[in-house]
Structures are given as structure tokens and as C-alpha cells.
Amino acid sequence: MSRPDEAAKLSALLVELHEQLERTGGSSEIAKVPPAGVTDLVSSAVKLYAAMVEDVAPGADAVPVIDGTVSTTDAMVMACALLRAHHLNPFDLALWFSRTSPARSRSADGA
């Protein structure tokens, strides 16, 4: 398959996966999902997001990481889990946060 075909296939799979997650997420079926599968999914999603953000041209709008359906609590649970997975602490987060700050990027571009 060519690259555009792979991207189209992934796009279709993402739509299908999103719909399935929305249907299953609030049900009692969630307990039947294997933890290793969730780990694989989150790991792939993180790598996909990072690759997309790094491919965005300077000055272009950033790729939104979440939509309005994600609660603050859910976002913090994930953020803390990601930090713990790499044995990072709030100080490390502060360093990375300033490195990736949109305001810092704009000032570096002269905007």
C-alpha cells in the first residue's frame, strides 16, 4: 500500500475506534478490556500525537490534544500516569512545559 492509502486506512480506523470507545467506555464491558491492549493503544496514540505536533509547520495551529469531552480529572489522571511512566516529577514537567510553551514559540519567531 502506498503512503496515502495507509493514511486513509488509519483515518478510517481512528473514526471506527473512536466510535467503539465511546460506546464501550461507559458500559460494564470496560472491565473485560485487557490492560495490555489499553497500554498499546495509549502508547501508539502518544507517538502519533507527538509525530503530528512535530510535523506542524511553525506558525500553524497546533494539533489539539483533546476535545471538550475530556474532563479535567481525566486529563490529570493521564498526565500524572505519563509522568510516572517515565519516572518524572513536577520539576521535570516545568522544564518541558516551558520548552513547549506556545507563548515561548511565538516570541522566538518574532511574533
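Values in this text are rule-based calculations from the coordinates and carry no lab data. What you see is a predicted model, and the numbers here were worked out from it, not measured in a lab. Cβ placement follows ideal geometry from the backbone for every residue including glycine, while neighbour counts extend to all protein chains displayed.
Structure data summary
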{"read-out": "Calculated FRET efficiency for the pair Glu29/Val63, C-beta based, R₀ 35 Å, to 0.05", "value": "0.75"}
{"read-out": "Label-to-label distance, nm, for residues given as Trp96 and Ala75 (7 Å Cα→Cβ offset)", "value": "1.6 nm"}
{"read-out": "Contour minus Cα-Cα distance for Glu16 and Ala85 (0.36 nm per residue)", "value": "22.0 nm"}
